[in-house]
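Structure first, commentary second.
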Amino acid sequence: MSREKALMMVENADVLKWPRHTKYTPSKKFSNKYCRFHREKGHNTEECFQLKDEIERLVRQGYFPDQVPTSCKINKDEIRRSRSRSRDRNPGPPRAEKAPPSRSNAPMKGVIYTIGGGSSAGDSDGTRKRCARTLGSNRGRKFVLKVEEEEVISFDSSNKPRDIGMMKDPMVVKLDIANFTVHKVLVDSGSSTDIIFKNVVDEIGLENARLELVKTPLVGFGGSEVTSLGVIELLVSMGEEPKRKTLMVKFLVVDTPFAYNMIIGRPGLNLFRAVISTYHMKMKFSTEKGIGEVASDQKEARKCCNL
């Protein structure tokens, strides 16, 4: 039985789950193919994968009983026996299943963009090759890991903010950068680089600072590549005295509109040995005087989300 015939048999009954229209493309306008299930051009009814899945669903529910051969009907007991025999024959771990074929007429759900930096091995080809050689030469060697003793960092119910809200606010803090207090700093452990925006550099008074050139672009701002202006090293302080920590951090300078003034990514977080808890909306780090902490400014975070 063809897919089109099966569709004609049940299209007037209230049993079908009709699909949404697929994403429009210019090629559909000039296509000679038409799908009765999607009710649009682009592919034939017989080529429709979603219709195939829908027909199989109806068959499992008992529709088209006269069209399914008796030899193809398998009861539940037979399915259980076949699975048992399969396990007896193959006691080892199951083999990986082949990937399903691409379904070009399946509806597009959307596009997801991420914010990422350049290569963590370096910016130039020479730096990446040296990093690869170092990794290769270190293989087979035995290392003794030297870890400095630090105070345990933990979070408990006393660290929770008063206004929890819907628990989806980003971590937005304020930091002291080159003797300036900078608000709207996004803490993003998913970013592979630390970023500062050019208007902030100008406000600090470093518009004429010499930047270290970088070739690798950033990917993720609006889905396109953004070339950074260069790298600048700034003095960053977080926390309050006496549990305050100050370090030099390298930032990529980017000239593009953004809701935040800076982004502290994995390099900066690891440099400060900071531990973040999005549930407690707080960031903690070790200092010589004990555990320092920086709380997220939830009001500022919601303002940035509403921009």
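Going through region 245-282 one residue at a time, which ones are touching a helix residue (DSSP H, G or I) at 6+ places or on another chain (Cβ under 8 Å) and either outside the structural domain of Glu212 (by TED's automatic domain parsing) or assigned to a strand (DSSP E or B) (or both)? Hits for region 245-282 are Leu247, Val249, Lys250, Val253, Val254, Met262, Ile276, Ser277, Lys282. Looking across region 177-209, not a single residue is in contact with a strand residue (DSSP E or B) (Cβ under 7 Å, 6 or more places away or on another chain), farther than 21 Å from Asp255 by Cα and not hydroxyl-bearing (Ser, Thr, Tyr). Against the test of being of a type in the set (Ser, Thr, Tyr) and under 22 Å from Ala301 (Cβ atoms), the options Thr216, Thr278, Thr227, Thr246 yield a single qualifying residue, Thr278. Does region 11-53 hold any residues that are among the basic types (Lys, Arg) and either farther than 26 Å from Phe64 by Cβ or surrounded by fewer than 12 Cβ atoms within 10 Å (Cβ to Cβ) (or both), and which are they? Selection gives Lys17, Arg20, Lys23, Lys28, Lys29, Arg39, Lys41. Contact map, region 7-27: residues that are charged (D, E, K, R) paired with residues that are in a loop (DSSP other than H, G, I, E, B), Cβ distance under 6 Å, separation 6+ or inter-chain. Pairs shown: Arg20/Pro107; Lys23/Met108. If you take the residues of region 283-307 that are assigned to a loop (DSSP other than H, G, I, E, B) and acidic (Asp, Glu), which of them is surrounded by the fewest Cβ atoms within 10 Å (Cβ to Cβ)? Across region 283-307, the extreme among qualifying residues is Glu288. Restricted to region 164-191, and to residues that are under 11 Å from Ala301 (Cβ atoms) and outside any strand (DSSP E or B), which residue is modelled with the lowest pLDDT? Only one residue tops the list, namely Gly165.
Rundown of residues vs (1) modelled with pLDDT of 85 or more; (2) hydroxyl-bearing (Ser, Thr, Tyr); (3) surrounded by 12 or more Cβ atoms within 10 Å (Cβ to Cβ); (4) farther than 21 Å from Gly292 by Cα, yes/no style:
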| site | (1), (2), (3), (4) |
| --- | --- |
| Thr193 | yes, yes, yes, yes |
| Glu203 | yes, no, yes, yes |
| Leu211 | yes, no, yes, yes |
| Ser224 | no, yes, no, yes |
| Thr227 | no, yes, yes, yes |
| Gly230 | yes, no, yes, yes |
| Leu234 | yes, no, yes, no |
| Lys243 | yes, no, yes, no |
| Thr246 | yes, yes, yes, no |
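If you go through region 261-275 and keep only what is buried (at least 21 other Cβ atoms within 10 Å of the Cβ) and in contact (Cβ under 8 Å) with a residue 60 or more places away in the chain, you end up with Asn261, Met262, Ile263, Ile264, Gly265, Gly268.
For region 248-262, the criterion of being under 21 Å from the mean Cα position of the chain (by Cα), at pLDDT 90 or above and under 15 Å from Val187 (Cβ atoms) is met by at least one residue.
The values are calculated or read from the model by the stated rules, or taken from the named source; none is laboratory data. Treat the numbers as computed from the prediction; the structure is a model and nothing was measured. Cβ: placed from backbone, ideal geometry, glycine included. Neighbour counts: every protein chain shown.
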